[in-house]
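S.K.: Mind having a look at this structure? Questions to follow.
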Amino acid sequence: MGDIELYGTPAEQLKTVNEAIYAVLRGGQKYRIGTRQMERADLATLYRMQQKLQGELADTGEKSLFDDTYVGIFDGR
């Protein structure tokens, strides 16, 4: 299965992927309109794309290795 090509910024692409995931979860992988049967994108592929785009968005800006780490100091016992 080949990659799906998306256009726009990573944030716009992530929005499109999230909408596609929602469509599959809400309406199923396959659906029928009249005599035509349609199949939406594979959920596994969409989830991989979502993770990749989330990673790209998390990498933007200046962040350090411990950016989401907190320190608690407890004085006294």
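S.K.: Which percent of Cα-Cα pairs in segment 14-59 sits in each 10 Å bin, short to long?
M.R.: Histogram of Cα-Cα distances, whole percents per bin: 27, 45, 20, 6, 1.
S.K.: So which GluC sites (Glu not before Pro) in segment 1-43 are both in a DSSP loop and have at most 12 other Cβ atoms within 10 Å of their Cβ?
M.R.: Glu5
S.K.: Right, here's the next one. Positive end of the charge dipole of segment 14-59 (Lys, Arg +1 and Asp, Glu -1 on Cβ, about the Cα centre): tell me which of Gln50, Leu25, Leu14 has its Cα farthest that way.
M.R.: Leu25
Taken together, the values in this text are just the output of simple stated rules run on the coordinates, not laboratory data. The model shown is predicted, which means the values in this text are computed figures rather than measured ones. Cβ coordinates were reconstructed from backbone atoms using ideal geometry, including for glycine residues, and neighbour counts include every protein chain displayed.
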